[in-house]
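Shown next, in structure tokens, is the structure this report addresses.
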Amino acid sequence: MTRPPPTDDPGDAGLEVGEQKHAAAGLRAVTTALSMSAEQMGVRRTALTLARVNQKHGFDCPGCAWPDPEHRSVAEFCENGAKAVAEEATLRRVGRDFFAAHPISDLAGRSDFWLGQQGRLVEPMYRAPGASHYTPIGWDDAFELIADRLRALPGPDSASFYTSGRASNEAAFLYQLLVRRFGTNNLPDCSNMCHESSGAALSHSIGIGKGSVHLEDLYAADLILVVGQNPGTNHPRMLSALEKAKKNGAHIVTINPLDEAGLRRFRNPQSPIGMVAGTELADEFLQIRLSGDQALFAALAKLTVEAGAVDAAFLDQHCSEYEEYAAHLATLDWEDVLAATGLTRAEIEHLARRYRDSERVIVCWAMGLTQHRDAVATIQEITNLMLLRGNIGKPGAGLCPVRGHSNVQGDRTMGIWEKMPSSFTDALAAEFGFTPPAEHGLDAVDTIRAMRDGRVRAFVALGGNFVAATPDTDATTAAMGSLDLTVQVSTKLNRSHAICGTEALILPCLGRTERDQQASGPQVVSVEDSMGMVHVSRGRLDPPGAAVLSEVAVITRLAEALFPSTGSGQAAGRIDWPGLRGDYDRIRDHISRVVPGFEDFNARVHEPGGFALPHPPRDRREFPTATGKARFTVNPLATLAVPEGHLLLQTLRSHDQFNTTIYGLDDRYRGIKAGRRVVFVNPADLDALGFADGQYVDLVSVWSDGDRRAAGFRVVAYATARGCAAAYFPETNVLVPLDAVAHTSNTPASKSVVIRLEAAQP
Ligand SMILES: Nc1nc2c(c(=O)[nH]1)N[C@H]1C(S)=C(S)[C@@H](COP(=O)(O)OP(=O)(O)OC[C@H]3O[C@@H](n4cnc5c(=O)[nH]c(N)nc54)[C@H](O)[C@@H]3O)O[C@H]1N2
Ligand SMILES: Nc1nc2c(c(=O)[nH]1)N[C@H]1C(S)=C(S)[C@@H](COP(=O)(O)OP(=O)(O)OC[C@H]3O[C@@H](n4cnc5c(=O)[nH]c(N)nc54)[C@H](O)[C@@H]3O)O[C@H]1N2
Ligand SMILES: [Mo]
């Protein structure tokens, strides 16, 4: 019934390019999801598993962080959530025979698709110095080896500990505890490459780095802007929320260089009418140039101020630094705005009028804003605009950064951050009786720099695929390869297992869909969604293999090896690692005393639907910033210079991938079949540059330290904004220079890479 994994790497041999589509979801989405699932886990397991996604007694979807509605339909999952589940619940296995048959050099030459399709990891594997293959190792030996190597480092800061956003709150809390107890704040995470810019901007401006809306606010808004986001692919359940918002009278505007499917026409797979008819979700589409949003939002703010449409009472009572800001807006030059945005003045004035005629406005955004050099300034400019009319801290209005990984926001709340504030580390010290390190640690980009320079010698990852997700693939590959030790706690095989240190370990762990049995019985874990709601997740499927441990078990057993108990009363003895492993309620008890907002955690987390974390700006219009008020920020407009004959490239997701996990080789809505090495370019730019649809080109990125090349991409003439191009990551991460980062947040600027096209060498 299930299909075996591919033996050969299919590559792009069958690449076909068809028409772009505008409708998303619908019946086709359901059948695609079900057939992909059935191929990996059979029909019966598919039906049983999907019935539990996002249900109150089921598991949290390991797809995106979009919240669950209060009244759930029977099938509260989407096509891409189903693919994420299938990827985890697959019946395919990667055991010792597989590793015996494939030397590490062979794995390194495989595509991300091929690696991921092989199945679940089921036993710990070890690569000895100089060995060509991974070989099996027992858990005890693995933990002893890691502890031994970590202790032998010149110091705790010679190791870096990465986290991807699927780890549960419980696992994340224990992981940062282990790392800080070890003595370092080197806790990079996927957020560094994702919403770090949102966190940095919002912390400064409103005093908390999280969004300020609940799902119900969307239903009450009268204007919703969806900026730099492709929900039809990456947050499909958001389309159902937008559909409801629209029924309630919201006007929806999408701002994007690409006319993404779903926003224009959405067929709700959960409603019989939606299945056939479809709803036009977006009333307007502004086709902005890459990196043009700061200019757009500054112009909208300027027009709002000039029209005298500000909420004077709100400004007076709740905001600081308005005068400086208004003075700065007066200097904004329309020519700069039009050049940066590629929009007409009429389009911008039309939206400004719409904004000031609306009482309740929500702005949603994702990677299209955060992964640019001036991302933090852009998000602050959005905040400025929203403050002007008091669009924060009232029903139906607010800021809505839409998070990616299903628990990326919760991991941050639990202390996964290289620069947690001292209020957090002080609470940790009080709870556990040790002194956490005070100096800030390394984020993702700085970790790569430190590996390259020999300052970091060991790398441990709780999930994720660091080598493929990070920029400057050649530099990062060399940096990882130069390490003494790499440890990957993973569910599935990926590139970061193939690009490894002199000694390397793969530690297989349970996923969220699986039963987690410990000494006190079956355990549940908790997650926090994009809107600050915390709820439990309970896996039911059998573990993929007898030897596979939960993430909590891996962390606590490593901790026991690393901090051997030296009798009672010792600092190490204060943390009862085996007790925490045996009963996750005890982890939650610690969390309730360390993390604000988690008081009485064990009782509240079991309430149906979970509970909401406090958010002072949203709840009470209180702004815990440096000035005690919501802060207007002045950001000079710095337009990206693109030299003659060059394009700005954004690196984005296809419909058939989850970050570095490639589910399949199609990008259905964009008309791409059976291939990934394509570059989308505006036909007028192709004419001007002397290239044509169907031609093969190399993408060459231009940076101060030299060129970088990604070879052999098929040109696709596509309706993107002028001067802009798009291609999929991780293939194009080779083009993103390590030093091309956003100011302040240090996030790789992977959505604005200056490139030129060169005819491919045959
Ligand atoms: N199925 C699926 N779901 C996912 C993921 C996945 O890979 N697959 N990934 C998860 C994660 S971790 C994340 S962070 C989210 C990512 O969710 P998205 O942010 O939707 O993901 P991207 O594919 O990077 O799409 C970026 C969008 O921004 C637009 N854009 C790019 N640059 C600009 C710009 O300068 N201005 C404007 N206005 N728009 C711009 C692009 O055209 C594109 O529509 O999705 C999460 N959910
Ligand atoms: N060029 C470019 N680069 C980007 C982006 C971009 O838009 N353009 N987007 C960035 C963004 S937004 C993000 S979030 C990062 C993503 O970076 P990561 O989070 O590091 O990457 P993923 O591809 O999500 O990680 C997939 C791997 O996680 C492991 N895994 C899956 N589930 C679990 C689990 O439950 N537990 C454990 N322990 N492991 C698990 C599997 O082994 C799988 O192979 O990539 C970033 N990189
Ligand atoms: Mo992300």
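The values are calculated or read from the model by the stated rules, or taken from the named source; none is laboratory data. Remember, it's a predicted structure, so these values are computed and weren't measured experimentally. Positions of Cβ are backbone-derived with ideal geometry, glycine not excepted, and every protein chain shown enters the neighbour counts. Surface accessibility is based on the protein's heavy atoms, side chains included, excluding ligands, DNA and RNA. Shrake-Rupley method; radii C 1.70, N 1.55, O 1.52, S 1.80 Å.
Things to note:
- Solvent exposure of the chain as accessible area per residue, Å², 1.4 Å probe: 34 Å²
- Full-stretch length increase - LEU48, ALA688 - with 0.36 nm per residue and alpha-carbon distance subtracted: 225.0 nm
- Rg/Rh (Cα only; Kirkwood hydrodynamic radius) as it applies to the range 555-676: 1.17
- As a rough guide to protection, the peptides 653-665, 429-441, 158-170 ranked by mean Cβ packing within 10 Å, highest first, stand as 158-170, 653-665, 429-441.
- Separation in nanometres of the label points that stand 7 Å from Cα toward Cβ, at ASP600 and ARG621: 2.8 nm
- Fraction of accessible area attributable to carbon and sulfur, the chain (%, probe 1.4 Å): 52 percent
- Integer Hz, Karplus 6.51/-1.76/1.60 couplings in order for the range 246-251, x for Gly and Pro: 5, 4, 7, x, 6, 9
- Net lengthening on full extension, ALA719/THR502 (0.36 nm per residue, minus Cα-Cα): 73.5 nm
- Rounded FRET efficiency, nearest 0.05, which uses the C-beta distance separating ASP453 from ASP141 and R0 of 22 Å: 0.10
- One way to sum up the overall shape of the chain is the equivalent ellipsoid from its Cα gyration tensor, whose semi-axes run 38, 31, 26 Å, largest first.
- FRET efficiency, 1/(1 + (r/R0)^6) with R0 25 Å, evaluated for ASP585 and LYS394 via beta carbons: 0.10
- Sorting 515-526, 253-264 by average packing, meaning the other beta carbons within 10 Å per residue, from highest down gives 253-264, 515-526.
- Cα→Cβ-extended label distance, 7 Å offset, between GLU216 and ALA547, nm: 5.1 nm
- Length released on extending from SER105 to GLU321, taking residue separation times 0.36 nm less the Cα-Cα span: 72.0 nm
- The Rg/Rh ratio of the range 280-351, with both radii computed over alpha carbons and Rh defined as the Kirkwood radius, is 1.02.
- Expressed to the nearest 5 percent, the antiparallel share of DSSP beta bridges inside the chain is 45 percent.
- D_trans [Stokes-Einstein, Kirkwood Rh over alpha-carbon pairs] for the range 138-197, 25 °C, 0.890 mPa s, µm² s⁻¹: 191 µm²/s
- Orphan Cys of the chain, criterion: no other Cys C-beta under 4.7 Å: CYS61, CYS64, CYS78, CYS190, CYS194, CYS319, CYS500, CYS509, CYS724
- Remark: the range 367-407 is approximated by an ellipsoid whose semi-axes, taken from the C-alpha gyration tensor as √(5λ), come to 21, 16, 5 Å, largest first.
- Expressed in Å, the radius of gyration and Dmax of the Cα atoms of the range 1-141 are 18.5, 56.
- Kirkwood Rh and Cα Rg combined as Rg/Rh, the range 647-759: 0.96
- Rg/Rg_globular for the range 348-459, with Rg_globular taken as 2.2 N^0.38 Å and Rg from C-alpha atoms: 1.48
- Descending semi-axes in whole angstrom, ellipsoid equivalent of the range 86-181, from the Cα gyration tensor: 27, 20, 13
- Counted over the range 647-759, the DSSP beta bridges are approximately 70% antiparallel.
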